[in-house]
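Working notes for the structure below.
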Amino acid sequence: MRALRFGHSLPRYAAARVAGSLSPGLGARVGPLKLAEIDEPELPGPGWQRVRPRLAGICGSDLSTIDGKSSRYFEPLVSFPFVPGHEVVGELAGGERVVIEPVLGCAVRGVDPPCGACGQGRADCCERLAFGDLGAGMQTGYCSGTGGGWSTSLVAHDSQVHPVPEAMSDEAAVMVEPAACAIHGVLGAGPLTGATVLVLGAGTLGLCAVAALRRYTGPATVIAVAKYPEQRALAADLGADVVVRPEETRRAVRRATGSLKLGDRLAGGADVVVDCVGSASSVAEDLAVVRPGGVVALLGMPSVVSVDMTALWQRQVTLRGSYAYGFEAAADPPRRTFDLAFELVAEAGLDRLVSATYPLDRYREAIDHAANAGRRGAVKVVFDLRGEKRR
């Protein structure tokens with residue numbers, strides 16, 4: 001089958017890191033990612049199914065890996081070579097369309113009894129991501145045994161597949177996974193009724209977070225920070241009350257909350273900041289605009305960052321990481337995140353965030369487009385496998 005495969009080559013990874021520092025997405029031209037003809041992954045056992053991807057998204061975490069920017073923290077949590085792609089809508093052997101829930105927790109790995117987190121339906125907190133019947137891998141798309149969405153075939157456990165409603169398009173279905181990430185992040189930030197919430201970043205994750213805040217929480221004010229005109233228009237349409245450029249962030253929070261100015265930061269601030277960037281500068285900005293006792297929900301995948309944490313300590317701010325999805329106890333009623341995500345995608349019309357599709361053999365163009373999506377007026381870039389051979 002045809003697949004984009006990411007090999008284990010330290011020299012190529014180092015070259016990708018240099019190239020990616022020169023221009024986002026350039027790591028795809030010199031790094032370990034290659035288009036290849038490889039064998040289909042074998043079914044690991046009973047309870048597994050073969051999935052033919054139809055659309056597969058390019059995520060910010062994929063781009064970090066391709067540009068050599070991912071943290072070494074992940075080294076024991078992946079297995080090489082792997083086929084990237086965890087935002088997937090595909091077909092089963094009988095033609096049924098499904099979305100993949102990519103986390104490879106205890107149920108998928110055949111670990112019995114499951115760890116404590118998986119026993120409570122919290123595969124996002126699984127403690128067995130490198131054990132059981134599969135090689136190491138946090139998710140489909142980072143595990144050598146399962147394959148990934150940037151190919152014409154992968155394997156998925158029964159517990160990972162979600163049927164796609166007949167009326168839902170492929171473009172909508174491929175947005176379910178990123179929407180689930182956003183829902184998990186905002187519901188995990190604590191009670192938001194009447195709160196002032198700042199969403200920092202307006203790529204796919206930030207825009208889905210704005211939509212999730214409006215659909216599943218009751219904030220008084222949602223302020224969205226977006227660099228580009230298309231992002232600002234979408235943020236307003238998805239439910240942000242105030243949309244500003246990055247340089248206007250502190251003034252907007254000050255106006256919304258009545259905070260006093262204290263040097264270059266605010267004496268008060270937003271109740272909750274949803275950080276959909278995950279960089280050193282974004283975390284520093286979070287701490288400058290969140291109120292004392294407030295919450296910073298970190299949805300964007302960070303790496304090694306250097307940040308003055310004095311404000312976090314003195315203002316008693318809670319910094320909360322948010323990874324993946326699972327079961328949302330804070331929802332009313334409590335439900336699986338993916339169930340909520342199917343609803344959100346349909347009701348908010350998140351299929352409109354899919355800006356461009358590419359075949360596999362144009363992967364360098366696709367990755368360049370995704371890495372520079374905002375400045376090119378795009379949001380989500382996906383691979384279109386519907387016309388690939390073996391279909």
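The values are calculated or read from the model by the stated rules, or taken from the named source; none is laboratory data. Predicted model, so just to flag it, every value in this text is computed and none were measured. Here the Cβ positions follow ideal geometry from the backbone for every residue, glycine too, while neighbour counts run over all protein chains shown. With ligands, DNA and RNA removed, areas are computed over all heavy atoms of the protein, side chains included. Shrake-Rupley method; radii C 1.70, N 1.55, O 1.52, S 1.80 Å.
Once Rh is set to the Kirkwood radius over Cα pairs, what Stokes-Einstein translational diffusion coefficient, in µm²/s, holds for the stretch 268-307 at a temperature of 4 °C and a viscosity of 1.567 mPa s?
129
Would you mind telling me which residue in THR140, THR193, THR221 has the biggest mean-square fluctuation in a Gaussian network model of the chain, where springs connect alpha carbons within a distance under 10 angstrom?
Of THR140, THR193, THR221, the Gaussian network model singles out THR193 as fluctuating most.
Can you run phi through the Karplus equation (6.51, -1.76, 1.60; θ = phi - 60°) for the stretch 64-76 and list ³J(HN,Hα) in whole Hz, with x for Gly and Pro?
Taking θ as phi minus 60°, the curve returns 4, 5, 5, 8, x, 9, 5, 5, 5, 3, 7, 3, x Hz for the stretch 64-76.
On the protein heavy atoms, probe 1.4 angstrom, tell me the percent of accessible surface of the chain carried by carbon and sulfur.
51
Between rounded, prolate and oblate, where does the stretch 332-391 land on the alpha carbon gyration tensor, with a ≥ b ≥ c its root eigenvalues, rounded for a/c under 1.5, else prolate if a/b exceeds b/c?
oblate
Calculate I(q)/I(0) for the stretch 281-391 by the Debye formula, one identical point scatterer on each C-alpha and no solvent, and give its log10 at q = 0.19, 0.20, 0.24 Å⁻¹ to two decimals.
Taking Cα atoms of the stretch 281-391 as identical point scatterers yields -1.13, -1.13, -1.17.
Enumerate the lysines that LYS227 could reach by cross-link, defined here as Cα to Cα under 18 Å, with residues fewer than 8 away along the same chain left out.
LYS380
Mind checking the per residue accessible area of the stretch 281-329 for me, 1.4 Å probe, whole number of Å²?
For the stretch 281-329, the solvent-accessible area averages 48 Å² per residue.
Under a Cβ-Cβ cut-off of 14 Å, what is the net charge of the residues other than SER21 that fall near it, where Lys and Arg count +1 and Asp and Glu count -1?
Cβ neighbours under 14 Å give a net charge of +2.
Run the quick spin-label model on SER9 and ASP361: label points 7 Å from Cα toward the beta carbon, then report their separation in nm to one decimal.
Taking the two extended label points, one gets 2.1 nm.
What fraction, in whole percent, of alpha-carbon pairs in the chain exceed 36 Å separation?
20
What whole-number volume per residue, in cubic angstrom, does the convex hull of the C-alpha atoms of the stretch 69-209 give?
Considering the Cα atoms of the stretch 69-209, their hull volume per residue is 149 Å³.
Mind listing the long-range amide H neighbours of GLY321? Cut-off is under 5 Å, sequence gap 5 or more, other chains count too, H placed in the peptide plane at 1.01 Å from N.
So GLY321 has HN proximity to LEU298.
Go through the chain and flag any cysteine with no other cysteine's C-beta closer than 4.7 Å, please.
Result for the chain is CYS59, CYS115, CYS125, CYS126, CYS143, CYS181, CYS208, CYS276, no neighbouring Cys Cβ within the cutoff.
Give the aspartates and glutamates reachable from LYS389 as a straight Cα distance under 16 Å; neighbours fewer than 8 places away on the same chain don't count.
GLU37, ASP39, GLU40, GLU91, ASP361
Would you mind working out the magnitude of the charge dipole of the stretch 1-107 relative to its Cα centre, with +1 at each Lys and Arg C-beta and -1 at each Asp and Glu C-beta, to the nearest 20 Debye?
400
Quote the convex hull volume per residue of the stretch 209-294, based on C-alpha atoms, as a whole number of Å³.
93
Hey, in the GNM for the chain with a 10 angstrom Cα cutoff, which one of GLY218, GLY349, GLY95 fluctuates hardest?
Fluctuation is largest for GLY95.
Can you give me the accessible area per residue for the stretch 27-69, using a 1.4 Å probe, in Å²?
Value returned for the stretch 27-69: 40 Å² of accessible area per residue.
Report ³J(HN,Hα) in whole Hz for each residue of the stretch 243-260, in order, from the Karplus equation J = 6.51 cos²θ - 1.76 cosθ + 1.60 where θ = phi - 60°; Gly and Pro get x.
10, 9, 6, x, 6, 9, 4, 5, 5, 5, 5, 4, 5, 6, 10, x, 5, 7
Distances longer than 19 Å among the Cα atoms of the stretch 1-68: what percent of all pairs is that?
Of the Cα pairs, 44 percent sit more than 19 Å apart.
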